[in-house]
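Trainee: Pasting in a structure now, in structure tokens, and then I'll have a few things to ask.
The values are calculated or read from the model by the stated rules, or taken from the named source; none is laboratory data. From a predicted model like this one, the values you see are computed outputs, not experimental measurements. Cβ sites come from the backbone with ideal geometry, for glycine too, and all protein chains shown count toward neighbours.
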Amino acid sequence: MVSTFEATPNIALIKYWGKRDSKLVLPQNSSISFTLGNSVKTVTSVLFSDRLKEDVAWLNRKKTSGEELARMLLIADLVRQKASISSKVAIASENNFPTAAGIASSASGFAALACAASDAAGLGLNPTELSILARMASGSACRSVLGGFVEWKKGEEKDGGDSHAVQIAPASHWPELHDLIAVAESGRKKIGSSAGMDRTVKTSGLYAKRILDLPSRIAKMRQAIMLRDSQTVFALSMEDSMNMHATMLDTKPPILYLNERSMGIIEAIEELNASEGKLVCGYTFDAGPNAHLICEGKDVAKVKKSVAKLHGIEKFYDCIVGAGPIKLAAKESLLSEAGKPV
Ligand code: PMV
């Protein structure tokens with residue numbers, strides 16, 4: 001009963017920021033992302049076994065405790081309930097990129113965990129059920145259980161049964177699209193996204209306007225993706241990211257995820273776009289200072305050059321549109337049969 005899955009983060013082009021139900025993780029608005037491929041990823045193994053004495057989880061080879069462990073066990077508990085099993089669980093998860101720094105490690109982590117746990121328990125969930133399961137631990141994770149271009153429909157039902165991700169287009173729809181991630185700081189963020197968004201919903205006056213504007217922005221983004229209209233996709237991505245960060249600044253006390261390096265990147269891309277006479281890149285920032293530079297493959301070198309000259313850019317990850325989670329062979333397991341990390 002051990003299963004190993006690889007999943008990747010996703011980058012939201014229209015962001016989720018704010019819940020209408022904290023327990024069920026139901027969002028205030030729908031969001032649109034693409035799942036990343038060919039670079040950053042999480043591998044997670046799950047073992048349910050009666051030989052285990054206690055529930056245990058490792059993240060990046062360190063034994064977890066407290067809130068971190070509780071969040072991983074939330075998924076394991078839901079799976080145990082659905083599968084009517086009472087065995088203890090062992091979980092091992094590894095990211096090949098900085099954890100909790102605004103590169104959506106929670107999205108890839110909980111998507112991989114939802115897939116591996118339900119598979120290890122023999123549940124055979126469909127993508128909608130997997131998306132709902134992953135959502136319970138981290139909202140954005142519900143989008144990473146699918147590949148390509150994805151919309152998380154906010155849903156209307158009280159129990160969240162219609163709040164899950166759907167694929168708008170597969171990865172093959174737009175293989176030229178890249179997310180060049182510029183790492184401006186790889187440390188953990190100071191305010192977790194859950195606490196941050198709850199505070200924004202409660203105290204930002206600008207937030208209500210954001211929610212009013214989003215349905216039309218989402219419809220435009222969906223259409224621009226279908227048409228592979230890069231100019232509109234880049235413009236709307238920048239608009240939505242700046243709008244979300246404006247509501248964070250308007251939160252009391254304010255939340256500042258962007259740093260001076262992020263600001264330098266924004267200026268550099270604005271200059272590049274102005275000198276090219278068109279948008280060759282759209283920047284977007286999640287809950288952290290690292291920039292996601294959305295551009296087409298032919299422009300990656302140009303975009304990278306304009307940002308690499310800035311002080312303090314630690315690293316780049318060049319991602320394409322990915323196909324979603326994959327099941328790995330038993331020999332790739334991060335856990336031994338006894339439930340110890342290997
Ligand atoms: O899923 P969470 O709770 O880590 O929240 C993610 C929020 C953003 O990354 C800022 C936006 C998004 O839609 O991914």
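Trainee: Among the residues of region 171-191 satisfying the criterion of being in a loop (DSSP other than H, G, I, E, B), within 16 Å of the ligand (Cβ to nearest atom) and touching an Asp or Glu at 6+ places or on another chain (Cβ under 9 Å), which is modelled with the lowest pLDDT?
Mentor: Within region 171-191, the match that is modelled with the lowest pLDDT is Glu185.
Residue-by-condition table, conditions (1) without any contact (Cβ under 8 Å) to a residue 12 or more places away in the chain; (2) in the same structural domain as Ala7 (by TED's automatic domain parsing); (3) of a type outside the set (Phe, Trp, Tyr):
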position: Ser108; (1), (2), (3): no, yes, yes
position: Ser118; (1), (2), (3): no, yes, yes
position: Gly122; (1), (2), (3): no, yes, yes
position: Ile132; (1), (2), (3): no, yes, yes
position: Met136; (1), (2), (3): no, yes, yes
position: Val150; (1), (2), (3): no, yes, yes
position: Glu156; (1), (2), (3): yes, yes, yes
position: Gly161; (1), (2), (3): no, yes, yes
position: Ser193; (1), (2), (3): no, no, yes
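Trainee: Any idea which residue in region 269-292 is nearest to the ligand (Cβ to nearest atom), counting only those that are modelled with pLDDT of 95 or more and touching a Phe, Trp or Tyr at 6+ places or on another chain (Cβ under 6 Å)?
Mentor: Ala291
Trainee: Hey, among Ile313, Ile269, which residue is over 30 Å from Asp55 (Cβ atoms), β-branched (Val, Ile, Thr) and surrounded by 22 or more Cβ atoms within 10 Å (Cβ to Cβ)?
Mentor: Ile269
Trainee: Moving on. Taking Lys19 as meeting all but one of (1) under 25 Å from Lys220 (Cβ atoms); (2) surrounded by 24 or more Cβ atoms within 10 Å (Cβ to Cβ), write down the number of the exception.
Mentor: With respect to (1) under 25 Å from Lys220 (Cβ atoms); (2) surrounded by 24 or more Cβ atoms within 10 Å (Cβ to Cβ), Lys19 is out only on (2).
Trainee: If a residue must be away from the ligand (no atom under 16 Å from the Cβ), within 19 Å of Arg228 (Cβ to Cβ) and aliphatic (A, V, I, L, M), how many such residues does region 294-320 contain?
Mentor: Result for region 294-320: 3.
Trainee: Of (1) modelled with pLDDT of 95 or more; (2) more than 14 Å from Ser106 (Cβ to Cβ), Ser39 satisfies all except one. Which?
Mentor: The failed condition is (1).
Trainee: Give the number of residues within region 115-136 that are within 13 Å of the ligand (Cβ to nearest atom) and buried (at least 22 other Cβ atoms within 10 Å of the Cβ).
Mentor: 3
Trainee: OK, next. The conditions are (1) away from the ligand (no atom under 16 Å from the Cβ); (2) under 27 Å from Thr200 (Cα atoms); (3) modelled with pLDDT under 95, and Gly66 fails exactly one of them. Which is it?
Mentor: If we test Gly66 against (1) away from the ligand (no atom under 16 Å from the Cβ); (2) under 27 Å from Thr200 (Cα atoms); (3) modelled with pLDDT under 95, just (3) comes out false.
Trainee: State whether one or more residues within region 94-112 are part of a strand (DSSP E or B) and either more than 13 Å from the ligand (Cβ to nearest atom) or farther than 21 Å from Asp179 by Cα (or both).
Mentor: Yes, because at least one residue in region 94-112 is part of a strand (DSSP E or B) and either more than 13 Å from the ligand (Cβ to nearest atom) or farther than 21 Å from Asp179 by Cα (or both).
Trainee: Please pick out the residue among Val2, Val89, Val56, Val25 that is crowded, with 24+ Cβ neighbours inside 10 Å and either farther than 30 Å from Pro175 by Cβ or of a type in the set (Ser, Thr, Tyr) (or both).
Mentor: Val89
Trainee: Inspect region 217-240 for any residue being hydroxyl-bearing (Ser, Thr, Tyr), within 13 Å of the ligand (Cβ to nearest atom) and either modelled with pLDDT of 95 or more or not assigned by TED's automatic domain parsing to the domain that holds Glu314 (or both) and give the result as yes or no.
Mentor: So far as region 217-240 goes, yes, one or more of its residues are hydroxyl-bearing (Ser, Thr, Tyr), within 13 Å of the ligand (Cβ to nearest atom) and either modelled with pLDDT of 95 or more or not assigned by TED's automatic domain parsing to the domain that holds Glu314 (or both).
Trainee: Can you tell me which residues in region 225-256 are under 14 Å from Glu296 (Cβ atoms) and touching a residue at least 12 places away in the same chain (Cβ under 8 Å)?
Mentor: Once the filter is applied, which keeps residues that are under 14 Å from Glu296 (Cβ atoms) and touching a residue at least 12 places away in the same chain (Cβ under 8 Å), region 225-256 yields Ile225, Arg228, Ser230, Gln231, Thr232, Val233, Phe234, Ser237.
Trainee: Here is a follow-up. Is it the case, given these coordinates, that Gly312 is closer than 27 Å to Gly192 by Cβ and in contact (Cβ under 8 Å) with a residue 24 or more places away in the chain?
Mentor: The answer is yes for Gly312.
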